[in-house]
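Remarks on the structure that follows.
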Amino acid sequence: MDGNNSNGNGLEKSSLSLYTQLPETLHKSAGIDSDATSVASRDPQTFIPQFVGDAVIEGFEADKVYSAKVKHKVFQLDNPAKEQTAATKEQNKKRKRANKSKALTAKEKRALHVYDIPLESRKYELFLPLNTLWKGYMSEIFGSTTPTAFTQKLLKADLHGAVITVTRSKCPTYIGTTGIIAQETENVFKIITPSNSLRVIPKVNNVFSIPIRNSVFTLHGNQFRYRASQRSTKKFKSRPTIDL
């Protein structure tokens with residue numbers, strides 16, 4: 001071959017074209033007009049208005065659509081992936097972290113002792129105002145209903161500030177413990193006793209009593225193992241209870 005018409009691989013330059021005509025068989029199977037493709041390859045300025053005119057649906061003027069949407073417009077036919085530098089990737093990571101919620105995780109809260117009650121705050125008299133507020137809250141919920149109808153409301157109520165007493169337990173040391181609920185979790189009550197001490201009472205295998213007005217309500221801890229936020233939306237069902 002002539003050296004001027006070939007590259008280092010011995011291929012002719014004319015055979016390196018990226019865009020070539022489709023075979024005639026594909027034209028027929030795809031329903032493509034071979035004359036239209038030849039026009040496109042020879043004169044794009046003629047093919048594009050013609051293509052737009054064929055594509056425009058009835059009710060629109062092809063000339064106006066071509067002038068407004070296509071003529072003298074630059075269209076990006078390819079969408080190459082942008083290469084990100086290390087600095088750009090780091091900026092994207094920082095932006096994502098900044099957009100995330102700044103709330104502490106449960107592990108971070110435990111490390112910072114967020115829910116721990118300080119020793120100087122473990123005084124019964126400091127929680128008496130909370131108990132007063134809770135009594136007013138119960139009066140609004142109780143209203144004029146009967147104790148039986150009020151039971152379902154009590155199961156979903158917030159118990160922080162209530163005076164609670166352990167009446168039955170598999171652990172004898174818990175029986176008779178009374179105090180104001182300072183914190184409630186899924187599995188325990190943290191109460192402040194009249195002797196200014198913090199007691200952590202598990203709900204499992206314990207039965208509690210809560211006095212409200214002239215009634216005393218009994219809570220079975222085994223069936224009460226929910227967070228306060230979960231109880232407010234849970235529908236409780238009647239279940240048989242085995243005595244401790």
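The values are calculated or read from the model by the stated rules, or taken from the named source; none is laboratory data. Because the structure is predicted, anything quoted here is derived from the model rather than measured. Note that each Cβ is placed from the backbone with ideal geometry, even for glycine, and that neighbours are counted across all protein chains shown. Note: areas computed on protein heavy atoms with side chains; ligands, DNA, RNA excluded. Shrake-Rupley method; radii C 1.70, N 1.55, O 1.52, S 1.80 Å.
How do the pairs read when you match residues in segment 115-133 that are more than 18 Å from residue 184 (Cα to Cα) with residues anywhere that are open to solvent by 60 Å² or more (accessible area, probe 1.4 Å) and not in a helix (DSSP H, G or I), using Cβ under 9 Å and keeping only pairs 6 or more apart or on different chains?
Going by the 9 Å Cβ cut-off, the qualifying pairs are 125/196.
For segment 161-203, which positions are touching a strand residue (DSSP E or B) at 6+ places or on another chain (Cβ under 7 Å), among the small types (Gly, Ala, Ser) and surrounded by fewer than 16 Cβ atoms within 10 Å (Cβ to Cβ)?
176
Condition (residue is open to solvent by 90 Å² or more (accessible area, probe 1.4 Å), at pLDDT 80 or above and of a type in the set (Lys, Arg)) applied to segment 59-66: is it met by at least one residue?
Among the residues of segment 59-66, at least one is open to solvent by 90 Å² or more (accessible area, probe 1.4 Å), at pLDDT 80 or above and of a type in the set (Lys, Arg), which makes the answer yes.
Kindly establish whether residue 52 is in a helix (DSSP H, G or I), at pLDDT below 80, open to solvent by less than 100 Å² (accessible area, probe 1.4 Å) and of a type in the set (A, V, I, L, M).
On the way: in a helix (DSSP H, G or I): yes; at pLDDT below 80: yes; open to solvent by less than 100 Å² (accessible area, probe 1.4 Å): yes; of a type in the set (A, V, I, L, M): yes.
Spelling it out, residue 52 is indeed in a helix (DSSP H, G or I), at pLDDT below 80, open to solvent by less than 100 Å² (accessible area, probe 1.4 Å) and of a type in the set (A, V, I, L, M).
In segment 122-143, what residues are within 15 Å of residue 213 (Cβ to Cβ) and not charged (D, E, K, R)?
If the condition is that a residue be within 15 Å of residue 213 (Cβ to Cβ) and not charged (D, E, K, R), then 131, 132, 134, 136, 137, 138, 139, 141, 142, 143 are the ones that fit.
Only one of (1) loosely packed, with under 10 Cβ neighbours inside 10 Å; (2) among the polar types (S, T, N, Q); (3) farther than 30 Å from residue 235 by Cα is not met by residue 121, so which one is it?
(1)
Could you check, for segment 113-124, whether at least one of its residues is among the small types (Gly, Ala, Ser) and either over 35 Å from the mean Cα position of the chain (by Cα) or at pLDDT below 85 (or both)?
For segment 113-124, residues among the small types (Gly, Ala, Ser) and either over 35 Å from the mean Cα position of the chain (by Cα) or at pLDDT below 85 (or both): present.
Can you pull out the residues in segment 139-151 that are surrounded by 12 or more Cβ atoms within 10 Å (Cβ to Cβ) and touching a Phe, Trp or Tyr at 6+ places or on another chain (Cβ under 9 Å)?
141, 142, 147, 150, 151
Having 3 or more residues that are more than 30 Å from residue 119 (Cβ to Cβ) and either under 36 Å from the mean Cα position of the chain (by Cα) or of a type outside the set (A, V, I, L, M, F, W, C) (or both) is the bar; report the strands (runs of 3 or more DSSP E) wholly within segment 129-244 that clear it.
Answer list for segment 129-244: 215-220.
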